[in-house]
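Have a look at the structure below before the remarks.
The values are calculated or read from the model by the stated rules, or taken from the named source; none is laboratory data. What you see is a predicted model; the values in this text were computed from it and never measured. Here the Cβ is made from the backbone with ideal geometry for all residues, glycine too, and neighbour counts use every protein chain on show.
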Amino acid sequence: MSARTEGVGVPETMIARMGDIERNLFLKILKVTEAGAVASARWIGLGDRHAADDAAVEAMRRVLARFDIDGEIVIGEGERDEAPMLYIGEKVGTGNGPKVDIAVDPLEGTNLAAENQFGAASVMAMSEAGGLMHAPDIYLDKLIVGPEVVRYEKKTGKRLDLDSAPEYNLKIVAEALNRRIEDLIVVILERPRHAELIKEVRDTGAKVRLVTDGDLMPGIAAGIRGTNVHVGMGIGAAPEGVLTASALRTTGGKIISRFILPAKANQKSEDEITKEYDKFIPRLLDMGINDIDKVLYTEDLAPGKDTIFSATGVTQSDLFEGVNFFENDGARVRSVVMGSGSGIVRFVDSIYIIDKEETPIRMR
Ligand code: VTB
């Protein structure tokens, strides 16, 4: 093969690697998150987080219902008694089709949408049955980095460690990215439980970006260069951790994590800690996790071989702008859709117009 023709077959090779879920459902899940984003975007800035969330849930549920899949929600709006739709264990789709597991966060950052702030998105992942961890709604302590760090770990044998000080880990990340620690941006949820962590990270010289909500989109951004996010750190929700992992299966990069009960992380009373322990430990045991302190990696959280992921911006985020509405209900939405089998990452910019004469397509 001459230098000129080398690599011309790359798209075909990648397409050939797709599993059945990716082949058949890749662009379909995009429609689900787009529908969720457009519906919830109507509620941006109105201060009503529940209405914004409900709008996304209902729209996504309607689109999903028409899919020829035998789907089960493994991560969703909560347990059956807490959520009327997209609850854990709910069956979705027509039932005529492949068995798939679905993780969904219809509106990641409900407060962000209600307050019209940076970072709200509609997010979903799908995989073959068993391909996404059925994580309960507790916390994960997370450390998230991009693919260069994974490559650097392999090359040098130096490894990130969830239990080491931020200084140790950030030094490795800086070396892997060939930049000074001072030029790293670390995203951390702004919570009292992170006071010490924030101080330790700042002491290394690295720049902290505090977010009031939403550690999922920055986690995904850590796997993508050019986003101004190099590391995600700190304790956030476990379901968001599974969704982050499902995207990292395509982009590369890794999440290192460990379950932690919210009462413990937020230093609540012994009583509350015990109550939570009694509630969630049986659930973890059911899932085969008998050691809550076990360190969980990307493949533990999202073990699927055929995993697809889609996120659509509701408000502006690290990855894209939020929903724009224009004349006659026209809407423009931006998403990222990925397939772990092929490795294809699509940034998709979609325009929805109902009447082409009434609403001309706009470039910007
Ligand atoms: C976290 C974070 C989420 O909600 O779960 C947060 O992972 C709630 O955390 O991205 P607290 O219990 O500390 O308030 C989000 O920010 C949004 O769903």
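Segment 45-147 holds strands (runs of 3 or more DSSP E) entirely within its bounds, and those carrying 1 or more residues that are among the aromatic types (Phe, Trp, Tyr) and buried (at least 21 other Cβ atoms within 10 Å of the Cβ) map to 139-145.
Considering each of 232, 219 in turn, give the residue that is under 11 Å from the mean Cα position of the chain (by Cα) and either β-branched (Val, Ile, Thr) or at negative phi (or both).
Working: 232 fails: under 11 Å from the mean Cα position of the chain (by Cα).
Going through 232, 219 in turn, just one is under 11 Å from the mean Cα position of the chain (by Cα) and either β-branched (Val, Ile, Thr) or at negative phi (or both): 219.
Out of all the residues in segment 154-161, is one or more outside the structural domain of residue 338 (by TED's automatic domain parsing), more than 24 Å from the chain's Cα centre (by Cα) and at positive phi?
Taking segment 154-161 and keeping what is outside the structural domain of residue 338 (by TED's automatic domain parsing), we get 154-161.
From what is left, the residues that are more than 24 Å from the chain's Cα centre (by Cα) are 154-158.
Filter once more, keeping what is at positive phi: 157.
Yes, segment 154-161 has at least one match.
Under the condition of being within 12 Å of the ligand (Cβ to nearest atom) and either more than 15 Å from residue 177 (Cβ to Cβ) or surrounded by fewer than 24 Cβ atoms within 10 Å (Cβ to Cβ) (or both), the residues counted in segment 217-232 number 4. Residue count for segment 261-275 satisfying the condition of being within 12 Å of the ligand (Cβ to nearest atom) and more than 16 Å from residue 141 (Cα to Cα): 1.
Just to check your reading of the model, which residue among 198, 185 is within 16 Å of the ligand (Cβ to nearest atom), buried (at least 16 other Cβ atoms within 10 Å of the Cβ) and not acidic (Asp, Glu)? Show your work before the answer.
Numbers: 185 fails: within 16 Å of the ligand (Cβ to nearest atom).
Answer to the selection: 198.
Residues satisfying the criterion are present in segment 204-216 (criterion: buried (at least 24 other Cβ atoms within 10 Å of the Cβ), within 12 Å of the ligand (Cβ to nearest atom) and not acidic (Asp, Glu)).
Taking residue 153 as the residue in question, decide whether it is touching a Leu at 6+ places or on another chain (Cβ under 8 Å) and surrounded by fewer than 17 Cβ atoms within 10 Å (Cβ to Cβ). Answer is yes for this residue.
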